[in-house]
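Just so it is clear, none of the values below were taken in a lab; they were calculated from the coordinates. Here the structure is a predicted model, which means the values were calculated and not measured. Neighbour counts run over all protein chains shown; Cβ positions are idealised from the backbone, glycine included.
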Amino acid sequence: MKFFIDTAKLDEIRQAKAYGLIDGVTTNPSLMAKEKGDWKAVARAICGEVNGPVSLEVIGTGAEEMVREARELIKLGPNVVIKVPITEPGLAAVRQLTDMGIETNVTLVFSPLQALLAAKAGATYVSPFVGRLDAIGHDGLALVEQILTIFGNYGMSTQVLVASIRHPQHVLQAALMGADVATIPFPVIRELLKHPLTDSGLQTFLNDWSKSHGATKQKSRRAK
Ligand code: E4P
């Protein structure tokens, strides 16, 4: 499973990259709007920081407008993927961009049929938003399962990019289902690592070592 980080914060991207975890980045207009300074410079820096795909989202709502914007966005880095909302103009834009050889990520997907349409339009990725569905009493992961079944039925090559992730269970279940990518906010990436038995186990090892070798005692004497 590929891990993308869902952020426009360079420091988060750098930290997660240092852990060797980052295969790509997803941004959206809300995430970009939180960053200070020229957004193009921010986007360029993100593209330069990672080896994998970086999703940058269009703002326009008409197909031609989206394609025009996409042509500008791809100048920001060789790894730019154009993120397009699942609307009628969005689908038309995805078709055109695909024909131009530009990779796309169809976003704001909340139904399996939306995902099917995106795949038929040629999308490289579809992004089902699991957390936002859960928040209104639906089952976000059930959507992921349905999309995977449909794509599997027809051998569709569009990758399922699980988005709007809120907690480690979303990542675990998506991985068990065989989703291609999870785009994960940095705080959730850190939570994936945590286990109380790891913490207490490490503490016990260090205490036992220190009791028999007195490392802690010596260190604290030296510190005085
Ligand atoms: C995906 O690419 C989106 O940026 C993201 O996951 C949005 O999710 P959220 O705003 O619900 O957290």
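Counting other beta carbons within 10 Å of each residue's own, what order do I59, I86, I5 fall into, fewest first?
Numbers: I59 9, I86 22, I5 28.
With the fewest neighbours first, I59, I86, I5 line up as I59, I86, I5.
What does the helix-only formula give at 222 nm for the chain: each DSSP H stretch with n ≥ 4 adding -39500 (n - 2.57), the total divided by the residues, and the result rounded to the nearest 500 deg cm²/dmol?
Dividing the helical sum by the residues of the chain leaves -16500 deg cm²/dmol.
Compute the Cα gyration tensor for segment 2-193, then decide on rounded, prolate or oblate, letting a ≥ b ≥ c be the square roots of its eigenvalues: rounded whenever a/c is under 1.5, prolate when a/b is larger than b/c in the other cases, and oblate in all that remain.
Note, shape of segment 2-193 comes out oblate.
Just grab the label-to-label distance for L172 and E64, each label 7 Å out from Cα along the Cβ direction, in nm (one decimal).
Using points 7 Å along Cα→Cβ, the separation is 5.2 nm.
Find the relative contact order for segment 109-219 and round it to a whole percent, using C-alpha pairs within less than 8 Å whose residues are 6+ positions apart.
21 percent
Kindly put W39, W209 in sequence by how many other C-beta atoms sit within 10 Å of each C-beta, fewest to most.
W209, W39
Where does each of H138, H170 land when they are ranked from fewest to most other beta-carbon atoms within 10 angstrom?
Least crowded to most crowded, the residues run H138, H170.
Note down the relative contact order for the chain as a percent, whole number, built from C-alpha pairs under 8 angstrom at least six residues apart.
16 percent
Would you mind checking which residues have amide H under 5 Å from K83's amide H? H placed 1.01 Å from N; only 5 or more apart, or other chain.
For K83, whose amide H was placed from the backbone, the distant partners under 5 Å are L56, E57, V58, N105.
Compare the Cα positions of A175, P128, L143 along the charge dipole of the chain (+1 at Cβ of Lys, Arg; -1 at Cβ of Asp, Glu; about the Cα centre) and return the one farthest towards the positive end.
A175
In the chain, how many lysine pairs have Cα atoms under 14 Å apart, counting only pairs 8 or more places apart or on different chains?
Lysine pairs meeting the criterion: 7.
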